[in-house]
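The values are calculated or read from the model by the stated rules, or taken from the named source; none is laboratory data. Not measured: the values here are computed from a predicted model. Here the Cβ positions follow ideal geometry from the backbone for every residue, glycine too, while neighbour counts run over all protein chains shown.
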Amino acid sequence: MGLVINSEKRDEIGKNASRRLRKSGRVPAVLYGEGLAGAPLILDKRDIFKILKSESGENTIFKIAFEGGEADVMIKDLQVDSTTDELLHADLIKIAMDKAVRVAIPLELFGEAVGVKTEGGFVDFMSRELEVECLPADIPDVIKVDISALHLHQSLKIADIIPPAGVRLLGEPTTVVVLIQVPHEEKVEVKAEEAVAVEGAPAAAAEPEIIKKERKKDEAEEK
């Protein structure tokens, strides 16, 4: 909570103006919130990276200093170029420390599940984060869950998770977030050509044809 980031008022709007800002190591931003109609600002990229590298990441609460005062804020959204990973734009949201907010918190598992250790299964994540509601000061960095008691085919549901004090889990209680699955063996198809016997010569052994399957990777474009 002691982090304060300075900002400048942004007067020039448009793609060309934003491009010039990014070349100079800065980034265009907009501050939203109660009493604000979307205030255009200029931030230093290094300040944004400093927040993202902290333990709480995008859920970090910090102060933004702007013309006319300061405000407690969080990162609402970041636009990143999917090709170059360049930070293009930042949206900030003004928050009140006495009002609950809804944020996504990473799920961290510990312990080795029985279904993995002795039954040959593996941990399959249905979701790697949980939606929670709490006061800004109560936002946890992660939610830790012990899965050591899970057997094969057993799951961890939202109802099974005990959140930290002051934190309320959102979503359907029956929603599965972790499942101990059975690994599926990938089968390789082999075709054998019939050996043609030539008079006076032994039949030739058929060579198996191995079919290779290409796997496509889905690329998530972060807007």
- Query: When only residues in the range 1-21 that are surrounded by 12 or more Cβ atoms within 10 Å (Cβ to Cβ) and of a type in the set (Asp, Glu) count, which is farthest from the chain's Cα centre (by Cα)?
  - Reply: Glu12
- Query: Before we move on, is Ile75 in contact (Cβ under 8 Å) with a residue 40 or more places away in the chain and surrounded by 13 or more Cβ atoms within 10 Å (Cβ to Cβ)?
  - Reply: no
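Given the structure, is Leu130 within 17 Å of Ser148 (Cα to Cα), aliphatic (A, V, I, L, M) and in contact with a strand residue (DSSP E or B) (Cβ under 6 Å, 6 or more places away or on another chain)?
Numbers: within 17 Å of Ser148 (Cα to Cα): no; aliphatic (A, V, I, L, M): yes; in contact with a strand residue (DSSP E or B) (Cβ under 6 Å, 6 or more places away or on another chain): yes.
Criteria not met by Leu130.
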- Query: What are the residue pairs meeting all of these: first residue in the range 82-109, first residue farther than 17 Å from Ala165 by Cα, second residue of a type in the set (Asp, Glu) and not in a loop (DSSP other than H, G, I, E, B), Cβ atoms under 6 Å, and 6 or more apart or on different chains?
  - Reply: Asp91/Asp77; Ile95/Asp72
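For the range 58-77, does any single residue satisfy the condition of being in a loop (DSSP other than H, G, I, E, B), closer than 23 Å to Pro140 by Cα and not hydrophobic (A, V, I, L, M, F, W, C)?
Within the range 58-77, the first condition is being in a loop (DSSP other than H, G, I, E, B), and the residues that meet it are 60-61, 67-68.
Adding the requirement that they be closer than 23 Å to Pro140 by Cα leaves 60-61.
Filter once more, keeping what is not hydrophobic (A, V, I, L, M, F, W, C): 60.
Yes, the range 58-77 contains a residue that is in a loop (DSSP other than H, G, I, E, B), closer than 23 Å to Pro140 by Cα and not hydrophobic (A, V, I, L, M, F, W, C).
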- Sort through Phe110, Phe62 and tell me the only one that's over 29 Å from Ser7 (Cβ atoms) and under 22 Å from the mean Cα position of the chain (by Cα). Phe110
- What strands (runs of 3 or more DSSP E), lying completely within the range 98-146, carry at least 3 residues that are assigned by TED's automatic domain parsing to the domain that holds Asp160 and farther than 20 Å from Val182 by Cβ? 101-110, 129-134, 143-146
- Given the conditions (1) outside the structural domain of Gly14 (by TED's automatic domain parsing); (2) closer than 30 Å to Leu31 by Cα; (3) surrounded by 14 or more Cβ atoms within 10 Å (Cβ to Cβ); (4) out of contact with any helix residue (DSSP H, G or I) (no Cβ under 8 Å at 6 or more places or on another chain), report the number of the one that Asp91 does not fulfil. (1)
- Test: residue in the range 116-130 that is of a type in the set (Val, Ile, Thr), over 30 Å from Asn6 (Cβ atoms) and within 19 Å of the chain's Cα centre (by Cα): yes
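Could you list, in sequence order, all residues of the range 173-192 that are in a loop (DSSP other than H, G, I, E, B) and at pLDDT 95 or above?
The answer is Pro173, Thr174, Thr175.
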